[in-house]
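A.B. asks: One structure, pasted below without further comment.
Only the coordinates and a few stated rules stand behind these numbers; no lab work does. Worth saying up front: this structure is predicted, and the values here are computed from it rather than measured. For neighbour counting, all protein chains shown are included, and Cβ atoms are generated from backbone atoms with ideal geometry for every residue, glycine included.
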Amino acid sequence: MNAASLLSKRGQAGGEPVGSIAGIDDRMLSAYESAAAAVGDVVPKCRGMRWQILAGIARIESNHASGHDVAANGDITPHILGPVLNGSGVGGNTTSFSDTDSGRWDGDSVYERAVGPFQFLPATFRGSGRDANGDGRIDPHNADDAALGAAVYLCGAGRNLGDEAQLKKAVYAYNHSDAYVADVLGWIDRYDAAGSQGDLGKVTGTVRTVLAAALAQKGEPYVWGGGSTKGPSRGSCCSPSGQDGSLLTGFDCSGLTLYAFAQAGVRLPRTADVQAGVGTRIPASSGVRALKPGDLVFYGYLPTVNSSIHHVGIYLGNGQMINAARPGTRVRVDPISALPDYAGGARVL
């Protein structure tokens, strides 16, 4: 498998991401998800890697690159740099670490500094880092490269991270501190709980069929023009963000709804604005409480004008929707409030 396909490989392994949760930037979450899915191709014996583990590490190391810009290609600016490791005691460091990268990644040609959202020492990243996005560079200041590097490091020679003891051993190897291990495991537990959203509970019949079909696509890439009644498909060129969907396979928002409802024998129109005219319209003024699981939910510039609708999701319940959000993300569970221009819903079932 080449480097470009590492980034595009579907996120799986132990729970899918649910969107903008607990302050995780969408682009960073995408990097964690892709790394968790791809690490098995780099460390074939590794088991149990999931995005929540990487998120737990990155939450402690950089708060998910909070306060920094994460570009579409994963590059992070300004660079995230730890204290100069000159033994001065700053940041708890009392041991001097001489430079190993001639200042290439840390900007210091005398001493080392931890770098990137996962705070690797340059010498460590040199051994674990991978070109995850196929751009010909291995860069700890790139979200994708750093996340895959962290996954490789945590996997070691082939740990089973689904085993609690081995997971603790991996986190301890990352930072030799019992307090650090406890902090990281605490965040992993929080993200595991967030990732468990999507329980269909007592939903039955055609509604359950639709929701189960949509939830089964979590982790599929957003692709402009992607999705059919048969499942994910190549899309078209070009989205407002410049994504060429013809090079990718996945779903856009209305492609996902088209597919999910088709599994219950309901054929929807292809685009969100036309889907808004199907079934019984639920005005935005009625609020989210008027929605029931299985309803379509819409977003538009003018809530009462269907032709202004630009986005659609499927209501899951409890203020959540199944959503193919936009280029650079994957199908996931999001809060209805994830987009600012809620335009009501439609009850088709």
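A.B. asks: Work out how much length L200 to R267 would gain on full extension: take 0.36 nm times their residue separation and subtract the Cα-Cα distance, in nm to one decimal.
C.D. replies: Values: separation 67, 0.36 × 67 = 24.12 nm, distance 2.24 nm.
The span from L200 to R267 would gain 21.9 nm if fully extended.
A.B. asks: Shifting gears a bit: Kindly point out, ordered by number, any Cys in the chain whose beta-carbon has no other cysteine beta-carbon under 4.7 Å away.
C.D. replies: So far as the 4.7 Å Cβ criterion goes, C253 stand without a partner in the chain.
A.B. asks: Roughly how many debye, to the nearest 20, is the charge dipole of the chain about its Cα centre, given +1 on each Lys and Arg Cβ, -1 on each Asp and Glu Cβ, and no other charges?
C.D. replies: So the dipole magnitude of the chain works out to roughly 1440 debye.
A.B. asks: In debye to the nearest 20, how big a dipole does the stretch 205-347 give about its Cα centre with +1 on each Lys and Arg Cβ and -1 on each Asp and Glu Cβ? Before the final figure, lay out each step's value.
C.D. replies: Details: 13 positive and 7 negative charges, 76 e Å.
So the magnitude is around 360 debye.
A.B. asks: Compute, for the stretch 249-315, the length of the dipole vector about the Cα centre, with Cβ point charges of +1 (Lys, Arg) and -1 (Asp, Glu) only. Units Debye, rounded to 20.
C.D. replies: Details: 5 positive and 3 negative charges, 34 e Å.
Here the size comes out at about 160 debye.
A.B. asks: Another question about this same structure. Which listed residue (P340, P269, P83) has the Cα farthest towards the positive end of the charge dipole for the chain, taking +1 on Lys and Arg C-beta and -1 on Asp and Glu C-beta about the Cα centre?
C.D. replies: Among P340, P269, P83, the one farthest towards the positive end of the dipole of the chain is P269.
A.B. asks: Can you give me the long-range amide H partners of Y111? Hydrogens built in the peptide plane at 1.01 Å from N, cutoff under 5 Å, separation of 5 or more residues or another chain.
C.D. replies: Amide H neighbours of Y111: D99.
A.B. asks: So, R0 is 22 Å and r is the distance between the beta-carbons of D41 and D178; what FRET efficiency does that work out to, to 0.05?
C.D. replies: Here the calculated transfer efficiency is 0.10.
A.B. asks: Per residue of the stretch 312-324, what does 6.51 cos²θ - 1.76 cosθ + 1.60 with θ = phi - 60° give for ³J(HN,Hα)? Whole Hz please, x for Gly and Pro, Karplus curve as stated.
C.D. replies: 9, x, 10, 6, 9, x, 6, x, 10, 9, 8, 9, 9
A.B. asks: Please list 3J(HN,Hα) in residue order for the stretch 241-247, calculated via the Karplus relation 6.51 cos²θ - 1.76 cosθ + 1.60 where θ = phi - 60°; whole Hz, with x for glycine and proline.
C.D. replies: Coupling constants for the stretch 241-247: 8, x, 5, 8, x, 5, 9 Hz.
A.B. asks: Quick check: the distance between the Cα centres of the stretch 131-200 and the stretch 280-330, to the nearest angstrom?
C.D. replies: Going from one Cα centre to the other spans 34 Å.
A.B. asks: Let me ask something else about it. Relative contact order, percent, of the chain when contacts are C-alpha pairs under 8 Å separated by at least 6 residues?
C.D. replies: Working: 791 pairs, mean separation 52.6, N = 349.
Computed over the chain, the figure is 15 percent.
A.B. asks: Near the amide H of G344, under 5 Å away, which other amide H atoms are found, from residues 5 or more places off or on another chain, if H is placed in the peptide plane?
C.D. replies: Amide H neighbours of G344: A284, F298.
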